[in-house]
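Encoded as structure tokens, the structure appears first; notes follow it.
The values are calculated or read from the model by the stated rules, or taken from the named source; none is laboratory data. Given the structure is predicted, the values throughout are model-derived calculations rather than measurements. Glycine gets a Cβ as well: all are built from the backbone with ideal geometry, and neighbour counts include every protein chain shown.
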Amino acid sequence: MAMLEIKNLQVYYGMIHAIKDVSFEVNEGEVIALIGANGAGKTTILHTVTGLIAAKGGEVLYEGVDLQKIAPHKIVSQGIAHVPEGRHVFSQLTVYENLLMGAYTRKDKSEVEESLENVYKRFPRLKERQRQYAGTLSGGEQQMLAMGRALMSKPKIVLMDEPSMGLSPILVEEIFDIIQSISKSGTTVLLVEQNAKKALGIADRAYVLETGKIVLSGDAKKLMDDESVKKAYLGE
Ligand code: ATP
């Protein structure tokens, strides 16, 4: 059984049919990339998984349970963490406080300290800046904080929305290395990206979304060699 299975998903914004019969799956341990141009519907799909948007049809099965039947605020405690597009860190709180917010739903409070140490190990820059207000961090540091905050919930799967957005090439490299190391340490990753080259470079499999529909899918390395993908998404 797949860890996450999206079946025949239909999402509308009023009259706009944003997601048209989308089906895909994420298996435990995989890095799955969802790539597509602006407005293809990538963020909408993630928001349907986290319960921020209600689907008109279809199913969102997580470990066999339909997430649409679970209250959105309970979804994090099921083991699903979301790193939103644009980071959305709490600007008025310090780095340390932001990280603790990520552990808000955890019952094993005694182990939160250990997770904090793990996040600081993964992101030494956050440790150096633990007392700094999140609003004063650079874009790259805010992305690290948003990722660290998600890891503080000890998720089984992390949904990442455009982690490379607005970052310099060096930072993009760094962020993708970190995503890879998060995956290596056993967390499943569903990655939404416009940077198809980087996303396909670290993903196991990928789905290509165009105006709300999946038009291509398969092994990430094979998609990188696909002529239509090269032309439309890799600028070759
Ligand atoms: P981007 O990479 O630009 O974030 P995306 O692939 O994540 O794009 P979505 O944000 O999911 O795309 O948007 C999919 C479609 O739904 C777009 O046409 C968008 O304009 C539309 N849409 C998204 N949110 C709303 C909303 N709240 N009301 C109406 N239409 C919306």
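Identify all residues within region 164-178 that are surrounded by 17 or more Cβ atoms within 10 Å (Cβ to Cβ) and more than 19 Å from Asn118 (Cβ to Cβ); write none if there are none.
Passing the criteria: Ser164, Leu167, Leu171, Val172, Phe176.
Out of Ser185, Ser115, Ser181, Ser153, report the one residue that is in contact with a Gly (Cβ under 6 Å, 6 or more places away or on another chain), at pLDDT below 95 and either away from the ligand (no atom under 16 Å from the Cβ) or at positive phi (or both). Before the answer, list the steps.
Values: Ser185 fails: in contact with a Gly (Cβ under 6 Å, 6 or more places away or on another chain); Ser115 fails: in contact with a Gly (Cβ under 6 Å, 6 or more places away or on another chain); Ser181 fails: in contact with a Gly (Cβ under 6 Å, 6 or more places away or on another chain).
Result of the check over Ser185, Ser115, Ser181, Ser153: Ser153.
Return the total of residues in region 12-40 being surrounded by fewer than 23 Cβ atoms within 10 Å (Cβ to Cβ) and within 8 Å of the ligand (Cβ to nearest atom). Break it down into steps so the answer makes sense when it comes.
Within region 12-40, the subset surrounded by fewer than 23 Cβ atoms within 10 Å (Cβ to Cβ) is 12-18, 20-21, 23-25, 27-30, 37-39.
Pick out the ones that are also within 8 Å of the ligand (Cβ to nearest atom) and you get 13-14, 16, 18, 37-39.
Looking only at that region, the number is 7.
Of the conditions (1) in contact (Cβ under 8 Å) with a residue 60 or more places away in the chain; (2) in a helix (DSSP H, G or I); (3) crowded, with 23+ Cβ neighbours inside 10 Å, Thr43 clears all except one; give me its number.
(3)
Criterion first (under 30 Å from Gly218 (Cβ atoms) and in the same structural domain as Glu5 (by TED's automatic domain parsing)) does Ala150 satisfy it? Show your work before the answer.
Values: under 30 Å from Gly218 (Cβ atoms): yes; in the same structural domain as Glu5 (by TED's automatic domain parsing): no.
No: the conditions fail for Ala150.
In region 191-200, is there at least one residue being farther than 22 Å from His88 by Cβ and among the polar types (S, T, N, Q)?
Quick first cut of region 191-200, residues farther than 22 Å from His88 by Cβ only: 196-197, 200.
Still in the running and among the polar types (S, T, N, Q): none.
Within region 191-200 (the criterion being farther than 22 Å from His88 by Cβ and among the polar types (S, T, N, Q)), the answer is no, since none of the residues qualifies.
Here is a yes/no grid of residues against (1) within 13 Å of the chain's Cα centre (by Cα); (2) of a type in the set (A, V, I, L, M); (3) not in a loop (DSSP other than H, G, I, E, B):
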| residue | (1), (2), (3) |
| --- | --- |
| Phe90 | no, no, no |
| Glu111 | no, no, yes |
| Ser115 | no, no, yes |
| Gln143 | yes, no, yes |
| Lys154 | no, no, no |
| Glu174 | no, no, yes |
